[in-house]
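Student: First the structure, then my questions, so here it is.
The values are calculated or read from the model by the stated rules, or taken from the named source; none is laboratory data. Keep in mind it's a predicted model, so treat the numbers as computed, not measured. Here the Cβ positions follow ideal geometry from the backbone for every residue, glycine too, while neighbour counts run over all protein chains shown. To get the accessible areas, we keep the full protein, side chains included, count just its heavy atoms, and leave off ligands, DNA and RNA. Shrake-Rupley method; radii C 1.70, N 1.55, O 1.52, S 1.80 Å.
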Amino acid sequence: MGKATLYAALKLFFPPKCLHCKKEHESFGVPLCDTCISFLEPLPPSGDILITFEGVGPALSLITALKQGVYSKLAALLAAYMAMQYAKSALPLPDLVTSVPTSFWRKWQMGQATSSQIASALAKLLDRPFVPMLQRKKQMLRQEFLTREERSYLSPEEFQWKTRMNLHSKTILLVDDTITTGATLACSAQRLWEGSPERIIKMACVDRGYLKM
């Protein structure tokens with residue numbers, strides 16, 4: 001079977017579709033069409049939390065697909081954009097990278113822990129170690145299903161040490177996949193401060209906050 005025939009057969013049975021606009025395109029293994037990927041541009045570095053994308057458009061489609069386990073390589077793609085944004089910031093390179101933890105129950109429900117996937121990929125790009133330092137107690141509901149008021153009740157007590165380390169004089173990059181109010185990042189950071197780091201840099205891939213306004 002020639003390459004042209006094989007390609008035609010693959011396109012017939014497995015048509016490549018853009019994860020955002022759902023239109024067919026010509027490249028297998030590419031999650032977005034050329035038009036949609038042109039809109040995938042990291043935000044300018046600013047604020048207390050370094051946010052790479054607004055929670056709308058192709059970026060939201062990619063993070064949703066990652067959470068659903070559609071493409072295994074989406075974490076590396078999103079991490080690459082985060083690394084680009086980080087490089088444009090005036091922030092120092094961290095000594096190590098960690099992630100907001102996902103409870104065992106939520107990891108079982110989703111089949112993966114997307115925050116740690118993205119953080120691990122980002123750590124490789126920054127040439128820094130990835131250390132999963134925190135773990136979370138049982139989490140039944142997905143964060144995006146909670147109201148802003150319900151999120152305000154989140155406590156650092158829900159986060160426990162998994163790998164207790166002496167973080168004295170170290171700069172920590174704390175990564176989350178999506179945020180709405182930043183409460184989960186804040187509570188995770190509060191627990192990490194117990195290790196006496198010099199600095200904690202908070203970073204999120206996608207900001208869904210506008211959905212709860």
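Student: Only residues that are buried (at least 20 other Cβ atoms within 10 Å of the Cβ) and among the hydrophobic types (A, V, I, L, M, F, W, C): list them for segment 56-72, please.
Tutor: Residues satisfying the conditions are A59, L62, I63, L66.
Student: Kindly indicate the residue of segment 35-55 that is touching a strand residue (DSSP E or B) at 6+ places or on another chain (Cβ under 9 Å) and hydrophobic (A, V, I, L, M, F, W, C) and also surrounded by the most Cβ atoms within 10 Å (Cβ to Cβ) among those meeting that condition.
Tutor: The extreme case among them is I51.
Student: Another one. So which of A87, A75 ends up being crowded, with 18+ Cβ neighbours inside 10 Å, small (G, A, S), closer than 25 Å to R128 by Cβ and out of contact with any Asp or Glu (no Cβ under 8 Å at 6 or more places or on another chain)?
Tutor: Sole residue among the options that is crowded, with 18+ Cβ neighbours inside 10 Å, small (G, A, S), closer than 25 Å to R128 by Cβ and out of contact with any Asp or Glu (no Cβ under 8 Å at 6 or more places or on another chain): A75.
Student: Among the residues of segment 180-210, which ones are in contact with a Gly (Cβ under 7 Å, 6 or more places away or on another chain) and open to solvent by 10 Å² or more (accessible area, probe 1.4 Å)?
Tutor: T180, T181, D207, R208, Y210, listed by residue number.
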